[in-house]
Amino acid sequence: MISNHLLFKLASGEVFGPDQPIALKLLGSERSFEALEGVAMELEDSLFPLLREVSIGIDAYEVFQDADWALLIGAKPRGPGMERADLLDINGQIFAEQGKALNAVASRNVKVIVVGNPCNTNALICLKNAPDIPAKNFHALTRLDENRAKCQLALKAGVFYDKVSNVTIWGNHSTTQVPDFLNAKINGIPVKEVIKDTKWLEEEFTEMVQKRGGVLIKKWGRSSAASTAVSVVDAIRSLVTPTPEGDWISSGVYTAGNPYGIAEDIVFSMPCRSKVSVSKESLSCNIPLLKLSSKISSNFLLLHS
Ligand code: LMR
């Protein structure tokens, strides 16, 4: 569900810009293969001018070949009444395997965003299995929590979302996360000076952000999809664009040498800044306009070839 929203945003140019051609390689499983073929058909039918290749496969070593970005979404989602940590036994293995595959065949500078839950731990498992890829290239998605926090602060203050800045999600993408309203700002002013309702900030706001995913599951009967896809887009764009002066973004990153006294050797969400925009060269799909691929096999569907 998340990918089905995300892929069309990626293909449209909304994420990497209107002059960046893109090749999408979709990793599925035997069970999901027909559904993937359906998604690939819809992508083809959308006539996106920037989309030069869509290939699908079930072997991570084939699909991750030369990948510049790996968006690791596929994992069992939690159902009503579950915590994300309950998924660790089932999902951890997936990220160990995918880490190994990235290590073997992806671009040496691949950027990895782990979305499948529990995403902090899965990101750690993944990076530990990919020792040849810099650990700083791995992110666990907490942008969804940042967006949720911004939305609640904006609603409470009666301002538009873009007036809320400097929101940090500390820790884990779980109910133990700490959405930081102390350092957050509204119109450049500390939130506590704008929202005087301290009880709301300390009790309701924090819990609302921590439990938003679970509440959504209860209502929908399935976990968030569209808003997660939007937050992946936001996360990527924030990484390829210099962060505006004085602001920051939240991302779950490897803690080696962090300045906050957070335990080393874990993946923990904290304030991050992107200093340089990723050069066109390193983002380039390296594909000519009309690519003829030798990769077509029964497991590969190649469009625009
Ligand atoms: C979310 O926060 O919506 C996702 O992590 C899905 C979930 O399990 O809550």
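The values are calculated or read from the model by the stated rules, or taken from the named source; none is laboratory data. Note that this is a predicted model, so its numbers are computed, not measured. A quick note on method: Cβ atoms are made from the backbone with ideal geometry, for glycine too, and the neighbour counts reach across all protein chains shown. When the accessible area is computed, the model is the full protein with side chains, heavy atoms only, and any ligands, DNA or RNA have been set aside. Shrake-Rupley method; radii C 1.70, N 1.55, O 1.52, S 1.80 Å.
Quick notes on this one:
- Region 28-75 shape via C-alpha gyration tensor axes, a/c threshold 1.5: oblate
- Split the accessible area of the chain by element, probe 1.4 Å, and carbon with sulfur accounts for 55%.
- Two-site label geometry, residue 132 and residue 197: point separation in nm, points 7 Å out along Cα→Cβ: 5.5 nm
- Magnitude of the charge dipole for region 12-76, about its Cα centre and with charges confined to Cβ atoms of Lys, Arg (+1) and Asp, Glu (-1), is about 220 debye.
- The label-point distance for residue 12 and residue 160, in a model that sets each label 7 Å from Cα toward Cβ, rounds to 1.9 nm.
- Calculated FRET value between residue 243 and residue 88, using beta carbons and R₀ = 25 Å, to 0.05: 0.20
- Modelled spin labels at residue 207 and residue 32, positioned 7 Å past Cα toward Cβ, are 3.4 nm from each other.
- Shape of region 138-242, Cα gyration tensor, a/c cut at 1.5: oblate
- Along the axis of the charge dipole computed for the chain (Cβ charges of +1 for Lys and Arg, -1 for Asp and Glu, origin at the Cα centre), the listed residues 166, 232, 47 are led at the positive end by 166.
- Within a straight-line Cα-Cα reach of under 18 Å, residue 211 can be paired with the following lysines, leaving aside sequence neighbours fewer than 8 residues apart in one chain: 150, 156, 199, 219.
- Rounded to the nearest 20 debye, dipole of region 1-112 from Cβ charges on Lys, Arg, Asp, Glu: 400 debye
- Accessible surface comparison of 264, 34, probe 1.4 Å, protein chains only, largest first: the order is 34, 264.
- Nearest-20 debye value, the chain charge dipole, Cβ charges on Lys, Arg, Asp, Glu: 460 debye
- Local net charge near residue 256, Cβ-Cβ under 11 Å (Lys/Arg +1, Asp/Glu -1): -1
- Taking 0.36 nm per residue of separation and subtracting the current Cα-Cα distance, fully stretching the chain between residue 187 and residue 276 would add 29.5 nm.
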